[in-house]
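Here's the structure we're looking at; comments come further down.
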Amino acid sequence: MKENDDITLEFSEDALQEQTKATMPGNDAEGSSRPQKERLKTASTFEQIKQKASEDDDAPVSTLTLRTILGGDILSTQFVRRQVWLLLLIMLFITISVAFRYQCQQDQIQISKMEQQLVDIKYKALSTASALTERTRKSRVLEALLENHDSILHISTVPPYVIHVEEGE
């Protein structure tokens, strides 16, 4: 027996016949036709019980308790056995959903890291551009050349002249 709630009936054809013989009134040698009728009746009763107590019984679990669920008895019901492919399909979809969510979170973390790197690179490019602009100013270039005595360049004191050229000549 599995548990106190479950009842397992095992019938033996010989034991059933012996029981009916012992309980029948007037079971003597003189009434041989009567025990034969009873044996046939017992055999047909045994067959009926056998058909009713088959494994493919459609009867659901009598009470749905935590004990039956945790014990696994709920998995042996006919309803669950018929729906096993549906349950497997649902489990597959849940697994795929969890996997996609995990991959999406990993992609979001990577995007956040890349955005932070992009901001850092933009700040570095901005500071480099401002340093280059400061070094290449006209006054800084002339000042550097005069300090090193590399050139005779100097700032012009005469304003620039505008030369007009006529196109006809």
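Dipole magnitude for region 108-169: about 580 debye, using +1 per Lys or Arg Cβ and -1 per Asp or Glu Cβ, origin at the Cα centre.
Considering only protein heavy atoms, with the full assembly of protein chains and a 1.4 angstrom probe, order Asp150, Asp120 by accessible area, largest first.
On the way: Asp150 110, Asp120 85 Å².
In descending accessible area the options line up as Asp150, Asp120.
Could you order Glu143, Glu166, Glu38 so the one with the most accessible surface comes first? Probe is 1.4 Å.
Values: Glu143 90, Glu166 130, Glu38 55 Å².
Listed by decreasing accessible area, they come as Glu166, Glu143, Glu38.
Here the alpha carbons of region 76-169 define both size measures, Rg and Dmax, at 36.1, 111 Å.
Annotation for Ile90 and Leu145: the two label points, set 7 Å from Cα along the Cα-Cβ direction, are 8.4 nm apart. Measuring r between the beta carbons of Gln105 and Lys138 and using R0 = 35 Å, the FRET efficiency lands at 0.05.
The values are calculated or read from the model by the stated rules, or taken from the named source; none is laboratory data. All figures in this text were calculated on a predicted structure; none of them were measured in a lab. As a convention, Cβ positions derive from the backbone with ideal geometry for all residues, glycine included, and neighbour counts pool all protein chains shown. Surface accessibility is based on the protein's heavy atoms, side chains included, excluding ligands, DNA and RNA. Shrake-Rupley method; radii C 1.70, N 1.55, O 1.52, S 1.80 Å.
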